[in-house]
């Protein structure tokens with residue numbers, strides 16, 4: 001799938017559905033924080049709850065979303081599950097996002113619909129798809 005059609009400059013909506021789902025899965029600050037921690041290596045749910053100050057159920061819900069989207073995998077070891085990033089390309093996407101945020105002076109944070117002051121912009125709410 002190409003995000004931009006080189007002939008017309010835009011891809012049909014149906015071609016962009018998967019990209020939209022990817023960005024929605026990463027659109028929650030808590031999921032981004034989890035991904036950032038997993039970029040440093042495997043973590044258990046208890047590690048994530050401790051490092052991010054989350055409830056176990058919240059961390060598990062966000063991990064399930066990321067796993068269902070194919071971005072995170074779990075590796076059982078005894079009675080524990082160790083989570084890691086499934087795709088190293090995700091790190092490239094995050095680096096590109098950091099570069100874009102830096103280039104725009106993080107102006108997106110001022111966006112009235114999705115910025116940090118927009119209603120519903122929380123760090124511990126929502127589940128996958130919300």
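The values are calculated or read from the model by the stated rules, or taken from the named source; none is laboratory data. Because the structure is a prediction, the values reported are computed rather than measured. Positions of Cβ are backbone-derived with ideal geometry, glycine not excepted, and every protein chain shown enters the neighbour counts.
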Only residues in the range 37-51 that are on the phi < 0 side of the Ramachandran plot and modelled with pLDDT under 95 count as the first member; pair them with residues that are crowded, with 16+ Cβ neighbours inside 10 Å and in a helix (DSSP H, G or I), Cβ under 7 angstrom, at least 6 apart or cross-chain, and list the lot. none
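Restricting the search to the range 101-119, which residues are modelled with pLDDT of 75 or more and in a loop (DSSP other than H, G, I, E, B)?
Filtering the range 101-119 down to residues modelled with pLDDT of 75 or more leaves 101-104, 107-116.
104, 111, 112, 113, 114, 115, 116 - these are the residues of the range 101-119 that are modelled with pLDDT of 75 or more and in a loop (DSSP other than H, G, I, E, B).
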Are any residues in the range 59-94 free of Cβ contacts under 8 Å to residues at least 24 places away in the same chain and exposed (fewer than 11 other Cβ atoms within 10 Å of the Cβ), and if so, which ones? 76, 77, 78, 79, 88, 89, 92
Please go through the range 95-118 and give me each residue that is surrounded by 12 or more Cβ atoms within 10 Å (Cβ to Cβ) and touching a helix residue (DSSP H, G or I) at 6+ places or on another chain (Cβ under 6 Å), ordered by number. 115
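Among the residues that make up the range 120-128, is at least one of them modelled with pLDDT under 95 and closer than 18 Å to residue 40 by Cβ?
From the range 120-128, those modelled with pLDDT under 95 are 120-128; that's our starting set.
If we keep only those that are closer than 18 Å to residue 40 by Cβ as well, we get none.
Looking for residues that are modelled with pLDDT under 95 and closer than 18 Å to residue 40 by Cβ, one finds none in the range 120-128, hence no.
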